[in-house]
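Taken together, the values in this text are just the output of simple stated rules run on the coordinates, not laboratory data. Note that the structure is predicted; figures quoted are calculated from it, not measured. Every residue, glycine as well, gets a Cβ built from its backbone with ideal geometry; the counts of neighbours run over all protein chains shown.
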Amino acid sequence: MSGWQAVKLVGNVLNLSTLFGFLVGLIGRARFSRGPRGLVYATGYRLRFPVAGAFTIGNLVLSKHDRAYFDERPGLVQHEERHSWQYFCLVGLPLLPLYLVGAAWSWLRTGCPASRNPFERLANLKDGNYDEKPPQPFALTLNQTFSGLRSRPKGP
């Protein structure tokens, strides 16, 4: 771990984002282990939200997958580390509502919560395994969203 990564680690503990990440990991019954560059992995996360292969809160990277998932995806680890820097730069938890605004903006523009989300773009879409979607008319976004809801099977 470099000196700057140690500063980020301490900063994200002090700004409470990493501690909040541990709380989310505990609620999701994840297993914790030390990762590279000051990151902590919380694997085996069991909650259904958010729907992602991995997501970061502070210096904690949560995933439903096991540790090998990260070992096989160094680009994804770099992507998640960039998110940990975003928490550091935005002094922790204020990132969460700002991220949601970015995801909403991206969805409105493209029908995808990542493509035009500035936080995902700064973390490198490709490393996060996102395809960049072009802007589309809002009516198309609504049609795609509601046609997907209509096609879901009805429960008993």
Formal net charge of residues neighbouring Trp105 (Cβ-Cβ distance under 12 Å; K, R +1; D, E -1):
+2
For the chain, what is the percent of antiparallel DSSP beta bridges, rounded to the nearest 5?
65
In degrees, nearest 10, range 0 to 90: what is the angle between the Cα axis of helix 74-89 and the longest Cα principal axis of the chain?
80
Once you've got the GNM for the chain with C-alpha springs shorter than 10 Å, pick whichever of Arg34, Arg67, Arg109 has the biggest mean-square fluctuation.
Arg34
Highest-MSF residue in the chain out of Leu90, Leu142, Leu47 [GNM, Cα springs under 10 Å]
Leu142
Expected unfolding gain across Phe49-Met1 under the 0.36 nm per residue rule, minus the alpha-carbon gap, is 14.3 nm
For helix 3-14, what angle does its Cα long axis make with the longest principal axis of the chain, in degrees from 0 to 90 and rounded to 10?
70
FRET efficiency, Arg29 to Ala68 (Cβ-Cβ, R0 25 Å, nearest 0.05):
0.85
Positive-pole candidate from Tyr99, Thr145, Asn129, dipole of the range 94-156, charges at beta carbon
Thr145
Okay, helix-only estimate at 222 nm for the chain: each DSSP H run of n ≥ 4 adds -39500 (n - 2.57), divide by all residues, round to 500 deg cm²/dmol; what do you get?
-15000 deg cm²/dmol
Quick one: helix 95-110 against the long Cα principal axis of the chain, what's the angle to the nearest 10°, folded into 0 to 90?
30
By the scheme Lys and Arg +1, Asp and Glu -1, what is the net charge of all other residues having a beta-carbon under 12 Å from that of Gly25?
+4
Where does the chain land on Rg(C-alpha)/(2.2 N^0.38 Å)?
1.10
